[in-house]
1. Classify the chain from the C-alpha gyration tensor, please: rounded if a/c falls under 1.5, else prolate or oblate depending on whether a/b exceeds b/c.
2. Tell me the carbon and sulfur percent of the accessible area for the chain, rounded to whole percent, probe radius 1.4 Å.
3. Amide H neighbours of Thr90 under 5 Å, at least 5 residues apart or on other chains, H built in the peptide plane: list them.
4. Stokes-Einstein D for the range 1-63 at 37 °C, 0.692 mPa s, Kirkwood Rh over Cα pairs, in µm²/s?
5. Treating the beta-carbon of each Lys and Arg as +1 and of each Asp and Glu as -1, no other charges, what is the dipole magnitude of the range 1-71 about its Cα centre, to the nearest 20 debye?
6. Residue separation times 0.36 nm, minus the C-alpha to C-alpha distance between Arg66 and Glu107: what's the value?
7. With every protein chain kept in place and ligands, DNA and RNA left out, what is the accessible area per residue of the chain? Probe 1.4 Å, answer in Å².
Amino acid sequence: QVHLVESGGGLVQPGGSLRLSCVASGSIFNIYTMGWYRQAPGNQRELVATITSSGATNYVDSVKGRFTISRDNAKNTVYLEMNSLKPEDTAVYYCNADWGPLNYWGEGTLVTVSS
């Protein structure tokens, strides 16, 4: 069992930056592929970025060059650095841990990009 807790969301102006954190507890963190997903009102949840146990990353096209996912296995933490934020980035951001048949979600943190 893995328990995920996100933090770092909030209100930011367009063009601003935020860093989301997700702390995992309860299992062997470094074997999991970790991901960030988001869900805007009225939309389906979508993949934002993932990072494998070996550090390989993947991003949705809309955030490439603006967002960076990273992980610190010693701290059981995955991060999402978000720069040049746009109003369309507004959503609840969810942390995900995936390994084979095991898949876990956090409760989400709200990011609002507005002037």
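1. Numbers: a/c = 1.82, a/b = 1.69, b/c = 1.08.
Prolate, because a/c is 1.5 or more and a/b exceeds b/c.
2. Numbers: 2910 of 5940 Å².
On the chain, the fraction of accessible area on carbon and sulfur atoms equals 49 percent.
3. Excluding prolines and chain starts, which carry no amide H, the hits are Val113.
4. On the way: Rh = 13.6 Å.
Answer, rounded: 242 µm²/s.
5. Details: 6 positive and 3 negative charges, 21 e Å.
Once rounded to the nearest 20, the dipole reads 100 debye.
6. Details: separation 41, 0.36 × 41 = 14.76 nm, distance 2.39 nm.
So the extension gain works out to 12.4 nm.
7. Details: 5940 Å² over 115 residues.
Solvent-accessible surface per residue comes out at 52 Å².
The values are calculated or read from the model by the stated rules, or taken from the named source; none is laboratory data. Given the structure is predicted, the values throughout are model-derived calculations rather than measurements. A quick note on method: Cβ atoms are made from the backbone with ideal geometry, for glycine too, and the neighbour counts reach across all protein chains shown. Remember, those area values only see protein heavy atoms, side chains included, never the ligands or the DNA or RNA. Shrake-Rupley method; radii C 1.70, N 1.55, O 1.52, S 1.80 Å.
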